[in-house]
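So the structure is just underneath, and the comments pick up after that.
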Amino acid sequence: MQYLISLPEAGVKIFTNFVHFAKASEQSSSIGKWFSTADPKGRKVGSGGGTAWILAKAWENCEKNISFEEWCFLQGEIPQVPGGEFY
């Protein structure tokens, strides 16, 4: 299972740096299971579009030469998207 997180563009850069640091220092064996990206620039995609976007980007980033459908099956989980706004 891979953990996918959608962040603002600046947050993706910080998160990516953290993941690389954690991998280098071997602080967590699960750190490679995390993937983050931002919504497409200049677009409001909504929660459904954001889910589709991050799934596609995570699949493109995987190191296996498999179809999107196979990749989804191998993930073995269903995406959960919280609704509403958080305060």
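The values are calculated or read from the model by the stated rules, or taken from the named source; none is laboratory data. The model shown is predicted, which means the values in this text are computed figures rather than measured ones. A quick note on method: Cβ atoms are made from the backbone with ideal geometry, for glycine too, and the neighbour counts reach across all protein chains shown.
Before moving on, here are some points about what is shown:
- Annotation: of all residues in segment 66-87 being part of a loop (DSSP other than H, G, I, E, B) and at pLDDT 90 or above, the one that is surrounded by the most Cβ atoms within 10 Å (Cβ to Cβ) is I66.
- The set of residues in segment 45-63 being outside any helix (DSSP H, G or I) and at pLDDT below 80 consists of E63 alone.
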